Ligand code: AFP
């Protein structure tokens, strides 16, 4: 039996002797190692004093759970020996500036899905690695197309790491026996035709019309304009939704909505949407705000929120068309247009 490629072998093969790629490899290896410690902590849960209870609010006003803080600490500890210029975390108001002569900057969400901690559901860690900007430019202000690598760990039945270094997406699963990550899927491609969408449907009354139109088309099923029945999922962990989409396709939507604080959506551009968009596009999918390609957005602030629609390219393009062509919904199904059966 051929031995599975390990993460470290993969990083070494990609880096060669290139200093920038070696810096990326060093950062990814450190992040992946921290994720093993986070997975262990999650696996012990209350036995390790993890309750998932809020213990305050982070800089952006989100409830901060105990595991958010512990995960952030573990990642920072793991990165102590990694050369980086700036480090941005969901749990810190401003980036940590270390050595602006270092070649890379790192942004991360230490614990995505923390509202699921106390329900023992799948959660994760997301990271993005970008090249250090030129002198005089602030870090984390350039489009997502400048990313060198992006990845996320998913703490589920398996602890797995999804990674792109800019040449496809690979998935590594943690071998708990020897604490190494081993390749289980290479050059992942998102299936095109899966009839499955993920959205928090309780926000229907707050959505813009194009999102209502898209969901109405899905709900109309085989008798509607999409001519097929759709399934729905909503886990409340972006990493779990993303992992499922990489596994079997579909589309995830966290759109802007009319609620206070959600007019730009809920997810953060720098350390959630940018890395997820890089991964999804590298796997043959698409990631959009509904109007713009996520990777072309340049952050105005470090915790900037953004609407995120990502997954199978055909479905993301349909959502975009409904945003750009107000008549698109009615053209294919008058019953399901502005005054469709499902428009309330
Ligand atoms: P938390 O980390 O605060 O639980 O937020 C997780 C998340 O950012 C993303 O992972 C989920 O898809 C989304 O929020 C769930 O949001 P709702 O709770 O509004 O459904």
Out of the stretch 300-326, which residues are buried (at least 23 other Cβ atoms within 10 Å of the Cβ), part of a loop (DSSP other than H, G, I, E, B) and in contact with a helix residue (DSSP H, G or I) (Cβ under 7 Å, 6 or more places away or on another chain)?
302
Going through the stretch 247-256 one residue at a time, which ones are within 11 Å of the ligand (Cβ to nearest atom) and part of a helix (DSSP H, G or I)?
none
Criterion (within 13 Å of the ligand (Cβ to nearest atom) and either more than 25 Å from residue 93 (Cβ to Cβ) or in a helix (DSSP H, G or I) (or both)) met by exactly one of 205, 259, 244, 212:
244
Enumeration of residues in the stretch 111-145 that are in a loop (DSSP other than H, G, I, E, B), within 14 Å of the ligand (Cβ to nearest atom) and in contact with a helix residue (DSSP H, G or I) (Cβ under 6 Å, 6 or more places away or on another chain):
122
Filter result (free of Cβ contacts under 8 Å to residues at least 40 places away in the same chain, more than 11 Å from the ligand (Cβ to nearest atom) and surrounded by fewer than 21 Cβ atoms within 10 Å (Cβ to Cβ)) within the stretch 262-287
263
Which residue, of 162, 188, is crowded, with 16+ Cβ neighbours inside 10 Å, in contact with a helix residue (DSSP H, G or I) (Cβ under 8 Å, 6 or more places away or on another chain) and in a strand (DSSP E or B)?
162
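The rows are residues; the columns are (1) closer than 27 Å to residue 176 by Cβ; (2) away from the ligand (no atom under 16 Å from the Cβ); (3) in the same structural domain as residue 137 (by TED's automatic domain parsing); (4) in contact (Cβ under 8 Å) with a residue 40 or more places away in the chain.
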residue	(1), (2), (3), (4)
45	yes, yes, yes, yes
53	no, no, yes, yes
83	no, yes, yes, yes
109	yes, no, yes, yes
Name the residue, out of 170, 229, 223, 213, that is crowded, with 21+ Cβ neighbours inside 10 Å and not assigned by TED's automatic domain parsing to the domain that holds residue 113.
213
For the structure I just gave you, tell me whether residue 229 is at pLDDT below 95 and either within 15 Å of the ligand (Cβ to nearest atom) or over 19 Å from residue 111 (Cβ atoms) (or both).
no
Apart from one, (1) touching a residue at least 60 places away in the same chain (Cβ under 8 Å); (2) more than 15 Å from the chain's Cα centre (by Cα); (3) within 20 Å of residue 163 (Cα to Cα) all hold for residue 302; the odd one out is (3)
If residue 219 satisfies all but one of (1) farther than 30 Å from residue 14 by Cβ; (2) within 16 Å of the ligand (Cβ to nearest atom), what's the number of the condition it fails?
(2)
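The values are calculated or read from the model by the stated rules, or taken from the named source; none is laboratory data. Quantities reported herein were computed from a predicted structural model and do not represent experimental measurements. Note: ideal-geometry Cβ built from the backbone for every residue, glycine included; neighbour counts use all protein chains shown.
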